[in-house]
Structure formats: C-alpha cells, structure tokens
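Here the structure comes first, spelled out in structure tokens, and everything after it is commentary.
Bear in mind that the values in this text are calculations on the coordinates, not laboratory data. Since this is a predicted model, take the numbers as computed values, not measurements. Every residue, glycine as well, gets a Cβ built from its backbone with ideal geometry; the counts of neighbours run over all protein chains shown.
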Amino acid sequence: MLNVISSLDALVYCSVIRLQQRHSLTACFRLISRSGDGQLYILLAALIYWNAPLNYQQFTASLLLAFLIELPCFLILKATIKRERPFVQILQATKIIEPGDKFSMPSGHTAAAFLVATVMALYYGEFAGIAFFWATLVGASRVLLGVHYPGDIMAGALLGTASGAIAAGLLL
C-alpha cells in the first residue's frame, strides 16, 4: 500500500514540476514560498496588535503554544521518516531553491503556514478563507519549486492544523 501511495505521490510531483518551465510562475512561487519563512508571522502579529487588540494576547499565546507543539513533532517526524527529497529520488526532478534540511516529510513551511492559518481562523474567522488560501499556496509552492512531494505537503498541513487547533483549544 505504501508503494502505491509513494508512486502516486511521485506521479503527481512529476506532473506539477512541469510548470517550472514557466519562469513567471516560478518567480511568483518563490515569493509565496518565502512568505512562509517566518518573518511574515511577526508582521501578522504586529498588524493584529494594532487592528484587533482585544484578542491579541490570547491569539499570540495560541500561536506560540502551537509552535511549541508543532516544532518537536516536526523534528521527530523528519528524523523518523527520513524521506529523501524528490530531486534526490527522481531523475527529471529539478530543485529551484535550496531546502533547509535533508529530508522532505513533512513540509515545515506548510506545517507553519497551516498552523498560522488555523489559529487565525479560530480567533479571526473573517480571515479564514484568505489564511487557508495562502497556506495552500505556500504548500503548493514547495512542490513546484522541487523540494517536496504532494504527500509531504498533506502531512505538513495536517501537522500544522492539528497543532494550531490543539493550542487554541487549550487557550480558548
């Protein structure tokens, strides 16, 4: 069963990376991917502080707790699964960016983006659609840039969503 899932993952990956030939799309996805590097989260917290101070402390505490839950889980999963990145396993794969570490499962950028989107949705529901759309784009960008399989993105989305929901659930 795992071989079938892995083969399907590689097939979808190979279909998506064909889009790398469209340089304007690749440049856009580089920017989207960089938005998941972490600096945006500090800017987001500052914007919320200035525009919606009523829930700010609880929102910020939930974000911090969520990252305290997510990060050790992420590191344990990476070290346990040890899935090689697609550009290592697939001959025609090309990486557009340099990944931060050796293994691909789960996607850390995607986990963080979905964590933030989940906490954002729970505290500021009116922004849920935008937040999850952005998180989905961050995940898609990681595949298009050649550093993750779609399954890595799904695992990261699940990890981030669960971490955000658990943290907010504890503090709401």
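Based only on Cα atoms, what Rg/Rh ratio does region 25-66 have, Rh being taken as Kirkwood's radius?
On the way: Rg = 13.1 Å, Rh = 11.6 Å.
That ratio equals 1.13.
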- Message: Quick check: residue separation of residue 42 and residue 88 times 0.36 nm, minus the Cα distance between them. What number comes out in nm?
- Response: 13.2 nm
- Task: Apply 1/(1 + (r/R0)^6) to the Cβ-Cβ distance of residue 8 and residue 68, taking R0 = 35 Å, and write down the FRET efficiency to the nearest 0.05.
- Result: 0.55
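Using Cα pairs under 8 angstrom and six or more residues apart, how large is the relative contact order of the chain, in percent? Walk me through the numbers before you get to the answer.
Working: 244 pairs, mean separation 57.0, N = 172.
Rounded, it is 33 percent for the chain.
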- Item | Peptides ranked, highest mean first, by Cβ atoms within 10 Å: ranges 37-43, 136-142 | 136-142, 37-43
- Query: Among 119, 28, 72, which residue has its Cα positioned farthest towards the positive end of the charge dipole of region 16-143, with +1 placed on the Cβ of Lys and Arg, -1 on the Cβ of Asp and Glu, and the dipole taken about the Cα centre?
  - Reply: 28
- Message: Straight-line reach only, C-alpha to C-alpha below 19 angstrom: list the aspartates and glutamates that residue 82 could link to, leaving out same-chain residues fewer than 8 apart.
- Response: 9, 70, 98, 101, 152
- Item | Interatomic Cα distance distribution for region 33-172, bins of 5 angstrom, percent | 2, 11, 20, 23, 19, 11, 8, 4, 2, 0, 0
- Message: If each DSSP helix of 4+ residues adds -39,500 (n - 2.57) and the sum is divided by the residues in the chain, what number results at 222 nm, nearest 500 deg cm²/dmol?
- Response: -24000 deg cm²/dmol
- Query: Which whole-Hz couplings ³J(HN,Hα) result when phi for each residue of region 127-135 is put into the Karplus expression 6.51 cos²θ - 1.76 cosθ + 1.60, θ = phi - 60°, listed in order with x for Gly and Pro?
  - Reply: 9, 4, x, 5, 4, 6, 5, 4, 4
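Rank by packing, highest mean first: peptides 71-79, 27-35, with packing defined as the count of other Cβ atoms within 10 Å averaged across residues. List each step's numbers first, then the result.
Values: 71-79: 14.3, 27-35: 16.3.
Ranking, from highest mean packing down: 27-35, 71-79.
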- Taking N as the number of residues in region 47-86, what is its alpha-carbon radius of gyration divided by 2.2 N^0.38 Å? 1.76
